[in-house]
Amino acid sequence: MKSSEVLAVLELINETLTATIVIVTVSILLYNLARDTQDRVTRASSVVLFCVFIVFLADVLISLDPGGSYLEVWLRFQWIGIAFVPAALFHLSDALLATTGRPSRGRRWLVVRIAYAIAALLTGLALFSDSLIHGPAETGAPRMISGPTFPVYVAFLLVLALVSMINVIRARRRCLTRYTQRRMTYLLSVFLAPAWGVFPYSLLFQRLGGEQDTLLLVIVNLANLLVMMMLIFLAYPLSFFGSEKPDRVVKARLLEFMLRGPLTAAALLAVVLFVPRASNVLGLDGDALMPFAAVGVLLFLQWSITLLLPVLQRVLIYTQDQRQAEWIQRLSDRLLTEADASQLLESILAAICDNLRVPTAFVARIEADGAQLVQVAGSLVPSPEALTAPELSTLGASGEDQLGENIKRIGDFFVWRSYWLVPLHYHRRGQNGVTVPILGILGVWARAPEPDFTEDEEEIFHALAAQVGRVLEDVQHQSEVFALLEGLAPQLDMMQQLRGVSRYGHVAQAPPATDELLADPQFSDHVKDALRDYWGGPRLTDSELLKLNIVWREMEGANDNNPVRALRTVLTQAIENLKPEGQRSLTTTEWILYNILEMRFLQGRKVRDVALRLAMSESDLYRKQRIAIEEVARQIAEMERNSTSPSPASSNGDIVHAVEH
């Protein structure tokens, strides 16, 4: 190969590597800016990356042969980055040392300011005078010629590089764990890559031409290749600074970003630069082939990354001790959200309508004062508001005489207005003989005065009704999972903050708890809502009471890690605190509040059933139930204030006084 051809190949490689460094640098810079810009290390490293970006961006523009006076403009422009890199590196080393618990007492920060001032002075000399550089050179590769003050810059670079390395070594010694020490070692090994990567080696050659041009390009290409690799390597330890996320999350995000960002962009750049220079590829012109090749490479890389990324994450990140995190990461693909449940219920109801040849089917939850529509297929006649009829709340009653006026039982079905209804039950029953309230009801348009299913229709209907019940129960159970995760979120956030602050030597303290919830005027309403959904529902799983310390203490003591169950235990304990001593009675005054709470919420009985058993009107029951809920709220507040020794139950005299008034 001729020397001119070798030189052309080296120039093309240099152009490609230079542009790739620009891509890598700006990608890492944008990645930094997308994170916490309040962190000192992040800000200082961003300054370093910006300086490197300016230098290599100028190299890319120079390689495009601007010609005339513009060549000198770009050759001087890149000295903005060259002059500021030493100061930015010292600034970064100071931030690293401060992060490990050794903040500046004023001297290092003064040196940082002086270094930036000297860098600004050198930049001015490079832009507006010939004392630092002059030119451009008339022969050889585009370059400037060193001036009389160039040794000052070399000394400035060497001194700050040496002091910066000393600071990083000191920071590494202050790291507390083997993980932080190892990452600081990575950082130490490539810390000076930006400095010697942007160094103007061409100024060391006063005369270029022939073999010296080739030698310079070889040196520059090797330097560019090492700089590119080291910049990528530098991004890894720097990505952990200023981040409160677990290490595995930081690694996973950085890996995906580097693959989809710099790697993809560099591959496209290589296609754009090399394919047009291939004058004939299978009979095709390189310029005409280039757009199609670029699109093909882009699609192939995205497809490959999508397939390989999970494998790379399992090998590099989610190792054996991170299997739980990987399982939780896939949990979102398995959960049945309310939107998913709504779509699934709609399809099941449509299948029921098709099977029975009826226009309408619906699913509703049973509430204390009626039913709440969940999903409907067709048009609900007369209107969804009809479900709020209190008589629907009696569907779970055990006796025929306890049903509402417009409800008639026929076998396993109920006839209500223009609908056949079937109760939906839990697959899991209550413990200790307590019957769990029904989940809800499934209603279909009554095509006859009484259910007239054929054998096949009834079999299919019951199978689909079981699926509806399973969906409702799964949604309720998974709402407890959401409540658990939501309840854990504040503690996880606090732990991540502690992780971020303590990772490199600091020790942080958790913020103190407050009594805002107990002082909330709606505290009794929160208790009431939680009791109404005692056996499951959004008012329990999303309750503000989940923030109480006694709930979390109960969860830890039971080794259950389920705050919803812990809250249910706290509610039960508060009700038991109101239980009078002696033999239970359904008529004596001191037992009224406890009987109401135990029957209405722990047993899940309907209002009419409880009123009949306690021999009182429903209006009187509602009044005393309100008093009972306020007593439960008072008990929970006392338990929270004195969580180490729960408050004793209220005296019977106080309860009698509350009931009588």
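The values are calculated or read from the model by the stated rules, or taken from the named source; none is laboratory data. The structure presented is a predicted model; accordingly, all values stated were derived computationally and were not measured. Positions of Cβ are generated from backbone atoms using ideal geometry, with glycine treated the same way; all protein chains shown enter the neighbour counts.
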Of all residues in region 311-328, which are within 18 Å of the chain's Cα centre (by Cα), in a helix (DSSP H, G or I) and either among the hydroxyl-bearing types (S, T, Y) or at pLDDT 75 or above (or both)?
Q313
From the options I54, I28, residue that is closer than 30 Å to L255 by Cβ and in contact with a Gly (Cβ under 6 Å, 6 or more places away or on another chain)
I54
Index of the failed condition, R532 passing every other in (1) in contact with a Phe, Trp or Tyr (Cβ under 9 Å, 6 or more places away or on another chain); (2) at pLDDT 75 or above; (3) surrounded by fewer than 17 Cβ atoms within 10 Å (Cβ to Cβ); (4) not hydroxyl-bearing (S, T, Y):
(3)
Would you confirm, using the coordinates I've provided, whether T435 is at pLDDT 70 or above, of a type in the set (S, T, N, Q) and surrounded by fewer than 16 Cβ atoms within 10 Å (Cβ to Cβ)?
no
List pairs: first residue in region 464-478 and more than 16 Å from A351 (Cβ to Cβ), second residue buried (at least 21 other Cβ atoms within 10 Å of the Cβ) anywhere in the structure, Cβ distance under 7 angstrom, at least six positions apart or on different chains.
L472/L424; L472/L439; L472/G440; E473/L439; Q476/G536
For the condition on the phi > 0 side of the Ramachandran plot and either in a helix (DSSP H, G or I) or modelled with pLDDT under 75 (or both), what is the one hit in G261, G242?
G242
Across region 140-162, what is the number of residues that are under 27 Å from V26 (Cα atoms) and touching a residue at least 12 places away in the same chain (Cβ under 8 Å)?
9
Considering every residue within region 614-626, establish whether at least one is crowded, with 19+ Cβ neighbours inside 10 Å and either among the aromatic types (F, W, Y) or not assigned by TED's automatic domain parsing to the domain that holds D529 (or both).
no
Name the pairs whose Cβ atoms lie under 9 Å apart, with the first residue in region 293-317 and farther than 18 Å from G261 by Cβ, the second charged (D, E, K, R) and part of a helix (DSSP H, G or I), and 6 or more positions between them or separate chains?
R314/E326
Of the conditions (1) part of a helix (DSSP H, G or I); (2) at positive phi, the single one that D65 does not satisfy is (1)
Condition test on P194, is it under 30 Å from E72 (Cβ atoms) and without any contact (Cβ under 8 Å) to a residue 40 or more places away in the chain?
no
State the number of residues belonging to region 184-202 that are in a helix (DSSP H, G or I), surrounded by 16 or more Cβ atoms within 10 Å (Cβ to Cβ) and either modelled with pLDDT of 90 or more or more than 34 Å from the chain's Cα centre (by Cα) (or both).
3
Scan A95, A137, A126 and give me the residue that is touching a Lys or Arg at 6+ places or on another chain (Cβ under 9 Å) and not in a helix (DSSP H, G or I).
A137
Pull up region 136-183, narrow it to residues that are under 46 Å from the mean Cα position of the chain (by Cα) and among the β-branched types (V, I, T), then point me to the one that is farthest from S202 (Cα to Cα).
T177
Restricting region 329-372 to residues that are among the charged types (D, E, K, R) and buried (at least 17 other Cβ atoms within 10 Å of the Cβ), which is modelled with the highest pLDDT?
R365
Can you tell me which residues in region 48-89 are surrounded by fewer than 24 Cβ atoms within 10 Å (Cβ to Cβ), out of contact with any Pro (no Cβ under 7 Å at 6 or more places or on another chain) and either over 19 Å from M228 (Cα atoms) or not assigned by TED's automatic domain parsing to the domain that holds A195 (or both)?
L64, D65, P66, G67, G68, S69, Y70, V73, R76, F77, I80
Looking only at residues that are touching a Leu at 6+ places or on another chain (Cβ under 8 Å) and at pLDDT 80 or above in region 203-230, which one is nearest to L12 (Cα to Cα)?
N221
Restricted to region 122-179 and to residues being touching a Ser or Thr at 6+ places or on another chain (Cβ under 6 Å), among the hydroxyl-bearing types (S, T, Y) and surrounded by fewer than 19 Cβ atoms within 10 Å (Cβ to Cβ), the residue nearest to L89 (Cα to Cα) is T149
Residues within region 610-661 that are of a type outside the set (A, V, I, L, M) and modelled with pLDDT under 80, tallied:
15
So which of L89, L75 ends up being in contact with a Lys or Arg (Cβ under 9 Å, 6 or more places away or on another chain), part of a helix (DSSP H, G or I) and closer than 23 Å to F150 by Cβ?
L75
What do you reckon, is D36 surrounded by fewer than 18 Cβ atoms within 10 Å (Cβ to Cβ), under 17 Å from S202 (Cβ atoms) and modelled with pLDDT under 85?
no
Conditions (1) surrounded by fewer than 18 Cβ atoms within 10 Å (Cβ to Cβ); (2) in contact with a helix residue (DSSP H, G or I) (Cβ under 8 Å, 6 or more places away or on another chain); (3) of a type in the set (A, V, I, L, M, F, W, C); number of the one not met by V112:
(1)
